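Notes for the one structure printed next.
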Amino acid sequence: MSESPRTPWLRWGAELRRHRNASGMTQQSLASAINVSSALISGFERGTRIPKRAHAADGDLALSTAGELERLWLEINDTREIPDEWRSFAVLERQASEIREYQTALIPGLLQSPAYARAVMRQGRDQQDTDEQIDHLTQARTSRLAHLHNTRLSFVLEETALRRVLGSKEAMVECLTHVLALLEDRRIRLSVIPDDAPLRPVVSAPFRIMNLPDGRLIGHAEHMFGENVVSDPHQVNFMVAIFGDMQAESLSPSVSKTVIEQIRRSLQ
């Protein structure tokens with residue numbers, strides 16, 4: 001019985017094949033060059049076998065790829081535990097120097113505590129998902145922040161998102177406590193739009209803007225079945241302007257922190 005391709009490694013296998021063909025090498029000649037079997041090279045290219053980092057480094061040397069295979073190996077290996085539908089999103093997120101996010105009804109995923117994230121996953125996905133699947137998704141979401149070592153994070157959220165109880169009051173108190181602790185990190189700024197803010201722009205869904213190292217701005221607009229990636233400069237600039245308008249209608253970060261503390265006390 002043939003092995004099934006492993007989704008995260010199909011891309012690596014395709015790059016290996018592309019570089020091998022460009023060099024004029026056969027699978028057998030590449031296998032001989034890096035001291036493995038031609039069957040293993042075939043498995044790498046079909047995504048049915050997972051390469052080791054040494055295989056990537058040896059392939060770079062044999063194919064003169066200036067380290068491209070090893071860089072791609074590191075990228076894929078770093079995100080292999082992330083669900084398929086989140087993988088591209090997570091790669092961009094980890095590259096960003098700055099992330100700005102607006103949320104309408106939920107505490108942002110990067111700031112969610114495990115119990116709150118589990119409630120979001122359980123209530124927002126297919127009810128046939130197993131506990132194991134929900135646990136995997138929860139772990140993937142709550143571990144994202146740990147990978148953003150030097151990223152500046154700015155959040156604007158509606159006051160409703162802080163008052164909406166998901167799972168239980170205890171889970172909500174835990175999450176608000178978690179958020180307050182994270183706000184001690186000066187990289188993270190959060191502003192709350194009060195329910196009575198009169199001039200807030202009318203935005204029906206959450207969105208985020210990411211600054212990439214090459215200077216590009218990439219937007220994500222959320223909807224019921226996922227997210228649309230926005231790369232058109234005019235559209236992204238519009239998102240930036242809307243985010244600025246949202247911040248103008250928000251409470252300051254220090255006052256927003258006080259609001260979070262007040263809401264947490266009301267739930268205890």
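The figures follow:
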item: Residue check, Thr151 closer than 19 Å to Pro206 by Cα and either modelled with pLDDT of 90 or more or open to solvent by 70 Å² or more (accessible area, probe 1.4 Å) (or both); result: no
item: Residue that is surrounded by the most Cβ atoms within 10 Å (Cβ to Cβ), among those in the range 207-243 that are of a type in the set (D, E, K, R) and closer than 26 Å to Met121 by Cβ; result: Arg208
item: Single match in Ser204, Ser250, Ser191, Ser256 (criterion: closer than 18 Å to Tyr102 by Cβ, open to solvent by less than 30 Å² (accessible area, probe 1.4 Å), assigned to a loop (DSSP other than H, G, I, E, B) and of a type in the set (Ser, Thr, Tyr)); result: Ser250
item: Some residue of the range 168-181 being polar (S, T, N, Q), farther than 24 Å from Ala96 by Cβ, within 20 Å of the chain's Cα centre (by Cα) and not in a strand (DSSP E or B); result: no
item: Restricting the range 1-46 to residues that are open to solvent by 70 Å² or more (accessible area, probe 1.4 Å) and of a type in the set (A, V, I, L, M, F, W, C), the residue that is farthest from Ala66 (Cα to Cα); result: Met1
item: Qualifying residue in the range 55-73 (condition: modelled with pLDDT under 90 and of a type in the set (Asp, Glu)); result: yes
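The values are calculated or read from the model by the stated rules, or taken from the named source; none is laboratory data. Everything numeric here is computed off the predicted structure, so don't read it as measured data. Positions of Cβ are backbone-derived with ideal geometry, glycine not excepted, and every protein chain shown enters the neighbour counts. With ligands, DNA and RNA removed, areas are computed over all heavy atoms of the protein, side chains included. Shrake-Rupley method; radii C 1.70, N 1.55, O 1.52, S 1.80 Å.
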